[in-house]
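Participant: Pasting a structure below so you can have a look.
The values are calculated or read from the model by the stated rules, or taken from the named source; none is laboratory data. It should be emphasised that the depicted structure is a prediction, and the values quoted were computed from it without experimental measurement. So basically every Cβ, Gly included, is an ideal-geometry build from the backbone, and we count neighbours across all protein chains shown.
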Amino acid sequence: MSSPSENLKRVIVTGGAGYIGSHVVFSLQETRRYKVISIDNHHNSHPKSLDRVAQLAREALPKDATEQEKDSAEIDSHTCDLTKPDEIRRVFEKYGKGGIWGVVHVAAYKAVGESTEFPLLYYANNVGATISLLQVMSEFDCHRMVYSSSATVYGTPPTIPIPETTRVKADSPYGKTKIMSETILEDLCTEPRWRALSLRYFNPAGAHPSGRIGEDPRGRPGNLLPLLAHMAVGRVKDDKLRVFGNDYPTPDGTCVRDYLHVMDLAKGHLLALNALSDDSKVFDNCPTPARFKAYNLGKGKGMSVLQIVEAMRKATGFDYKYEIIGRRRGDVPDLTADPALAEAELGFHAEADLETMCKDLWNWQTKNPNGYDTEVPPAPSQR
Ligand code: WQD
């Protein structure tokens, strides 16, 4: 009698406990077609996030759920340092050769400014770990990867909006680690067994509408939206937001970014994973012999820092004050996606608007003022 898991496609999500990873895990579980295995070192994530995701999946199961469906709601979670091949090997050994269908590789350090201060840390963790992971995947006959890349690979792009054909030329070690990893994948995928899709994230924002999972960065948030949420909930006591420059060539002088809802981003990972199936057509018109493609995941709508502040003022009712200070190292004027390729080939649509992103972010933050360290009362159905 096969175990329920054997009829599910086992997929490893690295960084599964993190902000993006936990929403990706949720999206995979929603299909009840995947058995999710999370690998995370909890450098910037909280183990409780996966308990919440599994709880959401259990609550969504039908009363007459099969054993297989029930099993799809349970997450195998492993704490593991991805820069150590032996630790990765120990996870793969649990499922045997051919036991893992594919890997969604989200785990990475991602602070642009920090990467300029600690480049070696970023190269070791973001590139070294990717190499170790690919080596072990190959040993265990696992040749499919969805890779988490970033719009920062474009550096300061020559045109806005940015199509995937834009030359990649990162300005920061962080962006260079994403380019290097994409290059490694493209070379690997010239081997017929391999296939990989790289997802170039623009700016993820918001949280699952239930408010049960969300962004919970360790320490003071570096990114704009979580910082604004922490200010409004009183977790950051700054009396003013420091705006890093208003002398950029943009409508109001502050930087423009393409914000997309984290749930839309997570759905993009599911679509990419499905596109790695053997019968997928996504590689049919590949420009190179390698079964490797990169897709922008964005809305194609740029919003400035001041527009984001205004949107969060409306969502939270908090009276933000700000002061303009000098530019932040590594910032570029505008990163707005041309999302046409992902829409055409993956069926990807970043539907949620900015108001929804801010509403869902604020819902998460008010329900979890201290992030995952806040006890959330069980849903009414569980009382
Ligand atoms: C947005 C804008 C800041 C804070 C992030 C990640 C990066 C990538 C994309 C994954 C910028 C301004 C911010 C503040 C400010 N993620 N700002 N005051 O820089 O686009 O990159 O998302 O690949 O890894 O770091 O996002 O939110 O940090 O900044 O004025 O206190 O807000 O200058 O223009 P960014 P961000």
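Participant: Kindly indicate whether Glu74 is among the charged types (D, E, K, R) and in a helix (DSSP H, G or I).
Facilitator: Here the answer is no, as Glu74 does not meet what is asked.
Participant: Are any of the residues in the stretch 102-120 of a type in the set (D, E, K, R), in a loop (DSSP other than H, G, I, E, B) and away from the ligand (no atom under 15 Å from the Cβ)?
Facilitator: The answer is no; no qualifying residue exists.
Participant: Are any residues in the stretch 174-226 free of Cβ contacts under 8 Å to residues at least 24 places away in the same chain and among the β-branched types (Val, Ile, Thr), and if so, which ones?
Facilitator: Thr183
Participant: What residue, among those in the stretch 193-206 that are away from the ligand (no atom under 15 Å from the Cβ) and assigned to a loop (DSSP other than H, G, I, E, B), is surrounded by the fewest Cβ atoms within 10 Å (Cβ to Cβ)?
Facilitator: Taking the candidates together, the pick is Arg193.
Participant: Take the residues of the stretch 222-233 that are under 19 Å from Gly302 (Cβ atoms) and either hydrophobic (A, V, I, L, M, F, W, C) or more than 9 Å from the ligand (Cβ to nearest atom) (or both): which is surrounded by the fewest Cβ atoms within 10 Å (Cβ to Cβ)? Step through it out loud before you land on a result.
Facilitator: First, the residues of the stretch 222-233 that are under 19 Å from Gly302 (Cβ atoms): 223-225, 228.
Now restrict to residues that are either hydrophobic (A, V, I, L, M, F, W, C) or more than 9 Å from the ligand (Cβ to nearest atom) (or both): 224-225, 228.
Values: Leu224: 20, Leu225: 22, Leu228: 27.
Filtering the stretch 222-233 for residues that are under 19 Å from Gly302 (Cβ atoms) and either hydrophobic (A, V, I, L, M, F, W, C) or more than 9 Å from the ligand (Cβ to nearest atom) (or both), the one surrounded by the fewest Cβ atoms within 10 Å (Cβ to Cβ) comes out as Leu224.
Participant: Considering only residues that are in contact with a helix residue (DSSP H, G or I) (Cβ under 8 Å, 6 or more places away or on another chain) and part of a loop (DSSP other than H, G, I, E, B), look in the stretch 247-266 and name the one that is farthest from the ligand (Cβ to nearest atom).
Facilitator: Checking each candidate, the answer is Asp252.
Participant: Output the number of the condition that Gly326 fails; it satisfies all remaining conditions of (1) more than 21 Å from the chain's Cα centre (by Cα); (2) more than 24 Å from Ser27 (Cβ to Cβ); (3) buried (at least 19 other Cβ atoms within 10 Å of the Cβ).
Facilitator: Gly326 satisfies every listed condition except (3).
Participant: Another question, then. Would it be correct to say that Glu182 is within 15 Å of the ligand (Cβ to nearest atom), under 19 Å from Val24 (Cβ atoms), acidic (Asp, Glu) and part of a loop (DSSP other than H, G, I, E, B)?
Facilitator: The answer is no for Glu182.
Participant: Any chance the stretch 361-374 includes a residue that's at pLDDT below 95 and β-branched (Val, Ile, Thr)?
Facilitator: Yes: one or more hits.
Participant: For the stretch 276-302: of the residues being touching a strand residue (DSSP E or B) at 6+ places or on another chain (Cβ under 6 Å) and among the small types (Gly, Ala, Ser), which is nearest to Ile324 (Cα to Cα)?
Facilitator: Gly302
Participant: Of everything in the stretch 207-221 that's over 28 Å from Phe348 (Cα atoms) and surrounded by fewer than 18 Cβ atoms within 10 Å (Cβ to Cβ), which residue is nearest to the ligand (Cβ to nearest atom)?
Facilitator: The extreme case among them is Arg220.
Participant: Which condition number in (1) free of Cβ contacts under 8 Å to residues at least 24 places away in the same chain; (2) more than 10 Å from the ligand (Cβ to nearest atom); (3) within 30 Å of Ile324 (Cα to Cα); (4) of a type outside the set (Asp, Glu) is the one that Val236 fails?
Facilitator: Among (1) free of Cβ contacts under 8 Å to residues at least 24 places away in the same chain; (2) more than 10 Å from the ligand (Cβ to nearest atom); (3) within 30 Å of Ile324 (Cα to Cα); (4) of a type outside the set (Asp, Glu), the lone unmet condition for Val236 is (2).
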